[in-house]
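Please read the structure below before turning to the comments.
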Amino acid sequence: MNQDNTRIISEGMASRLLPLGYELLPGVSEVYELELAYLESRLLNKEEILRNGAYFTCVDNRYTQHYLMCKGEPIKLPQYSSSRLKSFFQINQFKTGYATHGLFPYRGKFHPQMIKALINIMGLKRGDLILDPMMGSGTTLIEARLMGVRSIGIDTSPFCRFMTQVKLDGLTIPLETIKNAINDFKVIYNCFALKNESKLPEDYSPPSIYNFLLLAYLDSVGYSERSQKKSHLEQFKAIIERYVFVVEKIQQSIIGTENELAEAVAIEGDARCLTMDDHSIDGILFSPPYSFAIDYLKNDSYHLSYLGVDIKQLQEKMVGLHGHTFREKFDLYLKDMKTILAECSRVLRKGKFCTVIIGTNENQLSKILKKPVEKIKGLDEIIIELGNLFGLKLVRKIERQITGIANTMRTESILLLQKD
């Protein structure tokens, strides 16, 4: 083997892909991650990487804010948690679960690290305004707030708005008060279990604290249904402890920069009828619901009922869920997505990006449309075509493998559409 071959092998790919002095985070291994890291390194200067970069441990031996935010114990798990679950959070320490994303395990949630990178790649800077018209668990808003980018999130589901607000509030919630809740867990549990919130101690009555504890209670319901290792009361205590750990960790990591948190507004509303003015948004980032893979209403039925929501009425409003037959739901889904993309184009400034992250499953669509798989257009192709109708032109398509629901949707496309 000649010296050139030896040199190439010893250098590896990163030295060719990235500028000198840029060190990738552990676990950055998938092709889409390397591409996003490469784009960050090309589009951001060193100070921007240090403050808001998603995929780097350090630049010129200076640690990035993302690394400092995520380092240490990734999340507080119950002692009886499986080794597989513990391993998942160790492996994905820098991808998900950090900040307040770890409050409530919502299905179909973005990888926050990926969202941070996309906000950077879309060219959004401090003070700019980003919109997520289908915010789900609020990942875009939390990342934007930490990055100093103003944000608006909209969702039809009252539970999604509630959950997102709790996560946003968690960045600044009074820490000592919620620590005290660990000792008062029995009283708090009984208040929520009996729906007798008037008996809740006064210290827990401020909305941010009350909602924080209520989300922990609703979270504990799901855990108690899935596991018999602890009673519901014990599950509630364990989840409050985990929530306090999550909040304390992120608050400690942003000490001294609290004033740099950007405004974030979570709204219950309809993506098909946005209330923003024309050309008022600097960037849009969202994922349409995986309506053919996840029944969001079924998953959230207890939480929605507890909040007093009429689930049947909500179903008629939700994109991808209204309609009777699968074919009717699909046709209405396409109609709704056309309206949503038209609205996105209307409120987006010229030259700015509307990024859509969408999974697809040709096998399932083949059954719905009664066509061979090879004649089926993926949802990504459909979104690209619909975007074109409203001046949203595809600049880049990046594919990633879906691991959480791989049996239903195997790939997910990141579509960077630019308004021309």
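When residues of region 1-30 are filtered for being modelled with pLDDT of 90 or more and exposed (fewer than 10 other Cβ atoms within 10 Å of the Cβ), how many remain?
1
Any chance region 194-209 includes a residue that's of a type in the set (Val, Ile, Thr) and touching a residue at least 40 places away in the same chain (Cβ under 8 Å)?
Scanning region 194-209 turns up no residue that is of a type in the set (Val, Ile, Thr) and touching a residue at least 40 places away in the same chain (Cβ under 8 Å).
Please report, ordered by residue number, the helices (runs of 4 or more DSSP H) entirely within region 303-420 with at least 2 residues that are at pLDDT 90 or above and buried (at least 19 other Cβ atoms within 10 Å of the Cβ).
Once the helices (runs of 4 or more DSSP H) in region 303-420 are filtered for at least 2 residues that are at pLDDT 90 or above and buried (at least 19 other Cβ atoms within 10 Å of the Cβ), what remains is 326-347, 379-389.
Quick grid of which residues meet (1) without any contact (Cβ under 8 Å) to a residue 60 or more places away in the chain; (2) in a strand (DSSP E or B); (3) farther than 30 Å from LYS298 by Cβ; (4) not β-branched (Val, Ile, Thr):
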site	(1), (2), (3), (4)
ILE119	no, no, yes, no
GLU143	yes, no, no, yes
PHE162	no, no, no, yes
ILE182	no, no, yes, no
LYS186	yes, no, yes, yes
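Out of GLU374, GLU362, GLU399, which single residue is in contact (Cβ under 8 Å) with a residue 40 or more places away in the chain and over 19 Å from ILE284 (Cβ atoms)?
Selected residue: GLU399, the only one of GLU374, GLU362, GLU399 that is in contact (Cβ under 8 Å) with a residue 40 or more places away in the chain and over 19 Å from ILE284 (Cβ atoms).
Of these, VAL309, VAL347, which one is out of contact with any helix residue (DSSP H, G or I) (no Cβ under 7 Å at 6 or more places or on another chain), under 23 Å from ILE152 (Cβ atoms) and touching a residue at least 24 places away in the same chain (Cβ under 8 Å)?
VAL347
Do we have ASP277 as among the acidic types (Asp, Glu), assigned by TED's automatic domain parsing to the domain that holds GLY387, in a loop (DSSP other than H, G, I, E, B) and surrounded by fewer than 19 Cβ atoms within 10 Å (Cβ to Cβ) here? Show your work before the answer.
On the way: among the acidic types (Asp, Glu): yes; assigned by TED's automatic domain parsing to the domain that holds GLY387: yes; in a loop (DSSP other than H, G, I, E, B): yes; surrounded by fewer than 19 Cβ atoms within 10 Å (Cβ to Cβ): yes.
So ASP277 fits the description; yes.
The values are calculated or read from the model by the stated rules, or taken from the named source; none is laboratory data. Just so you know, these numbers come straight off a predicted model, no measurement behind them. Quick reminder, even Gly has a Cβ in these numbers, built from the backbone with ideal geometry, and neighbours come from all protein chains shown.
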